Amino acid sequence: MFENLSDRLGGVFDRLTKQGALSEEDVTAALREVRTALLEADVSLPVARSFVKSVTAKATGAAVTKSVTPGQQVVKIVHDELIKTLQGEGEPDALRIDNPPAPILMVGLQGSGKTTTTAKLAKRLKDREKKKVLMASLDTNRPAAMEQLAILGTQIGVDTLPIVKGETAVQIAKRAKQQASFGGYDVYMLDTAGRLHIDEVLMDEVQAVRDVTNPRETLLVVDGLTGQDAVNVATEFDGKVGISGVVLTRMDGDGRGGAALSMRAVTGKPIRFVGLGEKMDALESFDASRVAGRILG
Ligand code: GDP
């Protein structure tokens, strides 16, 4: 995902660390290249700008340029700033899934990987946290999507709410809530319908489901390959329904990585997980320092 960015930055920093003594101008010129590399990776302009500004402020002082290893110090400052950009200040919170049954609302556009991610996360909660999970598909427009979730449920050993034809999304959500309470589930996950574009009908439906279930977490699933579009989708969903976090899918693909780098800074919402493939185990919790390490090679 970050190969191009990583190559570009690697080149810049190789030169910087080999150079030995550095002037402020050398550092500023290198950081200008960093800015270009970020923009080419589809990082949003304000994020790239503020990133470079912040690194420049820390890296052009005498303490760095007059030090014994100025190049390495600049790299360290970039590394720390990357982590800050990726995760914001402070440590990421755990998912709020105490007080059973905890509802998790999964939202996103069609094709983003929402149903797959719902099942992956359910499996993760079952396997790693020993939670009893119920999944329900609210995609009343696409019976195939409902069946897809049921098939995945069987595959991973997680219960799905039986499909009843003719129900509305809100009716299904209420039934899931009841079943989760009566059935002693720790978590119930609601896989809402996706649309090809954000529209009123989609948002109204998600809001109605949110209002009857009061979700502990509302996770937006977005396709990491779509770069700045992913960030725009997140901003819109957050404005309309309020999201608590983001899952970036297809991070195994050859996208440029801009979505991951801009998401937190633009939306203020944490990236919780990343999807790294089609298999049910291909979901990792988002680890900013690992990503920063990957970017800097
Ligand atoms: P939905 O319409 O948002 O529910 O999307 P689906 O869950 O049906 O996923 C659409 C396609 O994307 C499927 O073929 C998934 O296997 C695939 N997919 C989902 N997540 C990932 C991922 O992280 N990496 C890759 N390579 N494919 C994914």
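If only residues of the stretch 246-297 that are under 18 Å from residue 106 (Cα atoms) and more than 16 Å from the ligand (Cβ to nearest atom) are counted, the one that is surrounded by the most Cβ atoms within 10 Å (Cβ to Cβ) is 267. Considered as a group, the residues in the stretch 16-31 that are surrounded by 13 or more Cβ atoms within 10 Å (Cβ to Cβ) and among the charged types (D, E, K, R) include one that is nearest to residue 226 (Cα to Cα), and that residue is 26. What's the total number of residues in the stretch 22-36 that are more than 27 Å from the chain's Cα centre (by Cα), over 12 Å from residue 51 (Cα atoms), not in a loop (DSSP other than H, G, I, E, B) and not small (Gly, Ala, Ser)? Here the count works out to 5. One residue stands out in the stretch 124-139 among those that are within 14 Å of the ligand (Cβ to nearest atom) and under 19 Å from residue 192 (Cβ atoms): the one that is surrounded by the fewest Cβ atoms within 10 Å (Cβ to Cβ), namely 139.
Does any residue of the stretch 37-46 turn out to be free of Cβ contacts under 8 Å to residues at least 60 places away in the same chain, more than 30 Å from residue 128 (Cα to Cα) and part of a loop (DSSP other than H, G, I, E, B)? No: the stretch 37-46 contains no residue that is free of Cβ contacts under 8 Å to residues at least 60 places away in the same chain, more than 30 Å from residue 128 (Cα to Cα) and part of a loop (DSSP other than H, G, I, E, B). Residue 88 passes every criterion in (1) within 16 Å of the ligand (Cβ to nearest atom); (2) in contact (Cβ under 8 Å) with a residue 24 or more places away in the chain apart from (1). Can you spot a residue in the stretch 95-109 that is within 16 Å of the ligand (Cβ to nearest atom), within 30 Å of residue 201 (Cα to Cα) and assigned to a helix (DSSP H, G or I)? Within the stretch 95-109, none of the residues are within 16 Å of the ligand (Cβ to nearest atom), within 30 Å of residue 201 (Cα to Cα) and assigned to a helix (DSSP H, G or I). Remark: residue 173 falls outside the filter, which requires a residue to be in contact with a Lys or Arg (Cβ under 8 Å, 6 or more places away or on another chain), of a type in the set (A, V, I, L, M, F, W, C), at pLDDT 95 or above and closer than 20 Å to residue 243 by Cα.
The values are calculated or read from the model by the stated rules, or taken from the named source; none is laboratory data. Only a predicted model underlies this, so the values are computations on that prediction, with no experimental measurement involved. Cβ sites come from the backbone with ideal geometry, for glycine too, and all protein chains shown count toward neighbours.
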